[in-house]
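Heads up, the thing below is written out as structure tokens.
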Amino acid sequence: MSMPQRIEVSEVGPRDGLQIEAGFIPTEQKLRLIDALSATGLPRIEVTAFVHPKVVPQMADAEAVLAAIGRRPGVRYGAFVPNAKGAERAIAAGVDDLKAGMAASDSFNELNTKMTTEQGMRAIAEIGQAVRGSGRQLVGVVATAFGCPYEGPVALDRVLALFGQLVELEAPLIYLADTTGMADPIGIQTLVSQLQARWPAQRIGLHLHNTRGLGLANALAGLQVGVADFESSVGGLGGCPFAPRAVGNICSEDFVHMLHAMGLATGIDLDALIGAARLAQEVVGRTLPGMVMKAGKASELHPKGVKAIKLD
Ligand code: ZN
């Protein structure tokens with residue numbers, strides 16, 4: 001097994017997580033969470049999306065968020081952009097990484113972006129043009145890469161075509177997203193290996209959801225085929241507004257806890273990240289799926305005499 005020894009964990013909770021919250025989360029609360037995340041050693045944080053406020057009202061304060069976050073040197077701040085207009089707004093607001101992409105399935109695109117695949121591809125090309133020469137980076141994403149909740153399995157050709165377009169646009173990092181948690185560990189390894197064989201120099205990341213409890217198993221499968229870039233959500237925030245019953249991304253602190261237990265480096269202060277997960281619960285006003293923040297780290301021992309273990 002040749003696993004990468006250094007893993008880049010990118011936080012997407014403030015965007016992928018908060019965007020599905022029904023009630024508008026005040027900008028100050030978003031800033032509290034983002035600033036707490038900035039202090040953990042995370043290399044990348046996706047903080048918002050430059051989408052039309054009618055489509056995603058939760059992200060209507062994108063400019064205000066970017067203007068007020070406490071930027072830390074060494075942290076790259078990202079945002080999702082759906083089109084050239086969004087890209088221009090993001091660049092003007094000082095976003096470092098512009099996330100762009102689309103789903104590998106037509107039904108999902110129609111529902112999610114109201115664009116046909118052809119229109120979507122054109123939008124991505126325009127975003128690529130806007131990013132070129134701006135000093136920012138394009139981060140690509142192929143959504144529903146491991147299955148579509150409306151169509152089922154997604155043809156490999158579709159994934160290759162989209163991924164290839166993002167490679168041509170010189171996205172230094174491209175994520176394969178298991179948007180509604182349909183992947184399994186072998187499926188992860190099969191698709192990643194096929195893309196690695198075709199584009200050996202391309203950095204491939206995984207954006208995983210824990211919809212059916214396979215999130216960390218899928219992450220391990222990715223590590224085993226050399227993937228070193230992962231997106232996750234603090235506390236396990238999130239889901240997908242366009243996918244029926246989809247739950248959140250893999251949980252950042254649970255994932256980092258696993259990586260550290262395996263001796264893999266992330267540069268992240270796990271205790272600080274657990275603190276940020278508790279803050280995320282406060283911000284959304286409910287218990288989140290993250291498990292380590294409730295159980296404590298495996299290294300935290302319990303005093304003898306206090307019964308902590310059930311034997312059944
Ligand atoms: Zn997601």
Farthest positive-ward along the chain dipole, Cα basis, beta-carbon charges - from A123, M291, T179: M291
Mean separation of Cα contacts under 8 Å (6+ apart) over length of the chain, as relative contact order %: 20 percent
DSSP-loop GluC sites (Glu not before Pro) across the stretch 112-178, with at most 16 other Cβ within 10 angstrom: E151, E170
Pair Q189, K297: separation of 7 Å Cα→Cβ label points (nm): 3.0 nm
The stretch 8-295 - percent of accessible surface contributed by carbon and sulfur, probe 1.4 Å: 55 percent
Angle between the chain longest axis and helix 84-93 axis [Cα atoms, degrees, rounded to 10]: 50 degrees
Simple spin-label estimate for L111 and A272 in nanometres, 7 Å along Cα-Cβ: 3.9 nm
Summed side-chain charge close to A125 - residues other than A125 whose Cβ falls under 13 Å, Lys, Arg +1, Asp, Glu -1: -2
Around D35: net Lys/Arg minus Asp/Glu count, Cβ-Cβ under 13 Å: +2
Charged-residue dipole, Cβ positions (Lys, Arg, Asp, Glu), the stretch 152-301 about Cα centre, Debye nearest 20: 340 debye
Full-stretch length increase - A68, I20 - with 0.36 nm per residue and alpha-carbon distance subtracted: 15.1 nm
Simple label model, 7 Å out from Cα along Cβ direction - S2 to R198, nm: 2.3 nm
Label zone at A261 (point 7 Å along Cα-to-Cβ), backbone N below 16 Å, the stretch 284-306: 290-302
Coil-residue trypsin sites (Lys or Arg not before Pro) of the stretch 1-110, DSSP, other Cβ within 10 Å capped at 10: K54
Linear extension gain, Q119 paired with E151, 0.36 nm per residue minus alpha-carbon span: 9.5 nm
Bins of 20 Å, starting at 0 and running to the largest distance - Cα pair percent for the chain: 35, 59, 6, 0
Simple Cβ-charge dipole of the chain, Lys/Arg +1 and Asp/Glu -1, about Cα centre, in debye nearest 20: 400 debye
Residue-normalised accessible area of the stretch 8-295, expressed per residue, 1.4 Å probe, Å²: 38 Å²
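The values are calculated or read from the model by the stated rules, or taken from the named source; none is laboratory data. Quick caveat: nothing in here was measured; it's all calculated off a predicted structure. Neighbour counts run over all protein chains shown; Cβ positions are idealised from the backbone, glycine included. Ligands, DNA and RNA are stripped out before the accessible areas are found, and what is left, the full protein with its side chains, is counted by its heavy atoms. Shrake-Rupley method; radii C 1.70, N 1.55, O 1.52, S 1.80 Å.
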